[in-house]
Amino acid sequence: MKQATQNPNLIRVAGFAYRMRRRIATAAAVVLAVFLGYHVIFGRNGVTAYQEKRLEDKDLQKQIQQLQDENGRMKDHVDHLQNDPDAIEHEARARLHYTRPGEVIYTLNDKPADKTSVPTAK
């Protein structure tokens, strides 16, 4: 105890550290709060990642709904083809170009002929 009272520099440093402990603790708490705030917002599981995942989830839900609708339409079409002879005939005519005896199919060009490829008489 005698040495502490005899050395004025040591007393000053100890007094300074004792007075600064609140400022140091406050600064450490602020640094910790900033770090945690940054991590909460920009971290691997932060708010920005959460928003991206929500958007991705919405897109995937739309895709799932579209695929389920398409699947339902295809099931109806298959059921229709399995149970309706007129539907089978329609598919055979449209896709395979089948005809009934005595029928003739005429195919027409959808595009008009190109004017530059028509030969001209000289």
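The values are calculated or read from the model by the stated rules, or taken from the named source; none is laboratory data. Just so it is clear, the structure is predicted and the values come from calculations on it, not from any experiment. Neighbour counts are summed over all protein chains in view; Cβ atoms, including those assigned to glycine, are modelled from backbone coordinates with ideal geometry. SASA here: full protein model, heavy atoms, side chains in, ligands and nucleic acids out. Shrake-Rupley method; radii C 1.70, N 1.55, O 1.52, S 1.80 Å.
What number comes out for the charge environment of residue 80, summing +1 per Lys or Arg and -1 per Asp or Glu over other residues with Cβ under 13 Å away? List each step's numbers first, then the result.
Values: positive: 73, 75; negative: 76, 79, 84, 86, 89, 91.
Net charge around residue 80: -4.
How would you order 93-104, 40-51 from highest to lowest mean count of nearby Cβ atoms within 10 Å? Before the final figure, lay out the partial values.
Values: 93-104: 8.3, 40-51: 10.8.
Listed from highest to lowest mean packing, they are 40-51, 93-104.
If you fit an axis through the alpha-carbon atoms of helix 85-96 and take the longest principal axis of the Cα set of the chain, what angle between them do you get, 0 to 90°, nearest 10?
90
Rounded to the nearest 500 deg cm²/dmol, what is the calculated helix-only ellipticity per residue at 222 nm for the chain, with -39500 (n - 2.57) per DSSP H run of length n ≥ 4? The partial results should precede the final answer.
Numbers: 4 runs with 89 residues, N = 122.
Rounded to the nearest 500, it is -25500 deg cm²/dmol.
Tell me the carbon and sulfur percent of the accessible area for the chain, rounded to whole percent, probe radius 1.4 Å.
59
Quick one: if the Förster radius is 41 Å, what FRET efficiency do residue 20 and residue 54 give, using the C-beta to C-beta distance and rounding to 0.05? Before the final figure, lay out the partial values.
On the way: r = 46 Å, r/R0 = 1.12.
Efficiency computed from Cβ-Cβ geometry: 0.35.
When every alpha-carbon pair in the chain is counted, what percent end up more than 24 Å apart?
Details: 5505 of 7381 pairs.
More than 24 Å apart: 75 percent of the Cα pairs in the chain.
Kindly state, to the nearest 0.05, the FRET efficiency for residue 74 paired with residue 111, given R0 = 22 Å and r defined as their beta-carbon distance.
On the way: r = 31 Å, r/R0 = 1.43.
The formula returns an efficiency of 0.10 here.
So if we plug the beta-carbon distance of residue 42 and residue 63 into 1/(1 + (r/R0)^6) with R0 = 35 Å, what FRET efficiency do we get, rounded to 0.05? Don't skip to the end; give the middle numbers.
Values: r = 28 Å, r/R0 = 0.81.
Result of the calculation: an efficiency of 0.80.
Between 94, 27, 107, whose Cα lies farthest towards the positive end of the dipole of the chain when Lys and Arg beta carbons carry +1 and Asp and Glu beta carbons carry -1, centred on the Cα centre?
27
For the chain, find the longest principal axis of its Cα atoms and tell me its angle to the long axis of helix 47-83, 0 to 90°, nearest 10.
The answer is roughly 20 degrees.
For the stretch 11-69, what value does the Rg/Rh ratio take when both radii are computed over Cα atoms and Rh is the Kirkwood radius, given to two decimals? Before the final figure, lay out each step's value.
Details: Rg = 23.7 Å, Rh = 15.3 Å.
Answer for the stretch 11-69: 1.55.
Give me the accessible area per residue for the chain, probe 1.4 Å, as a whole number in Å².
100
Count the lysine pairs in the chain whose Cα atoms lie under 28 Å apart, taking only pairs 8 or more positions apart in sequence or on different chains. Walk me through the numbers on the way to the answer.
Details: 53/62; 58/75; 62/75; 111/122.
Lysine pairs, 8 or more places apart or on different chains, close enough: 4.
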